[in-house]
Amino acid sequence: MTTDRSRAIHELDATVRVGKRGVEPVADEVASQLEDRQFVKAKFLRAARGTTETETLAADLAERAGAEVVDVRGHTAVFER
């Protein structure tokens with residue numbers, strides 16, 4: 001990942017929150033946001049995670065939104081088209 005790209009991703013605010021209803025209800029929102037911007041950052045709240053790894057949830061969300069996972073750190077993931 002390039003330095004400029006890394007900086008841009010780091011400076012993003014999470015614009016999607018994944019809660020107890022899981023990834024399905026927010027997949028359309030991620031897809032919609034990716035029409036207007038290069039990256040979308042999503043935070044996976046404790047209620048969404050349960051015993052599931054953030055990486056697994058991020059992969060599921062990416063598949064449903066037609067996106068790619070760029071980065072996962074802690075409980076936050078970044079997506080792009």
Volume per residue, Å³, of the convex hull around the alpha-carbon atoms of the chain? 78
Residues 40, 70, 18 in order from fewest to most other beta-carbon atoms within 10 Å are 70, 40, 18
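About the Cα centre, and with charges only on the beta carbon of Lys, Arg (+1) and Asp, Glu (-1), how big is the dipole of the chain? Nearest 20 debye, please.
Using Cβ point charges on Lys, Arg, Asp and Glu, the chain gives about 380 debye.
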In the range 18-50, which trypsin sites (Lys or Arg not before Pro) fall in coil by DSSP and have 14 or fewer other Cβ atoms within 10 Å? 20, 21, 37
Angle between the Cα long axis of helix 24-36 and the longest principal axis of the chain, 0 to 90 degrees, nearest 10? 10
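Readers should treat all values here as calculations from the given coordinates under stated rules, not as data from a laboratory. Remember, predicted model here, so these are calculated numbers, not experimental data. Reconstructed Cβ throughout: ideal geometry from the backbone, glycine too, with neighbour counts over all protein chains shown.
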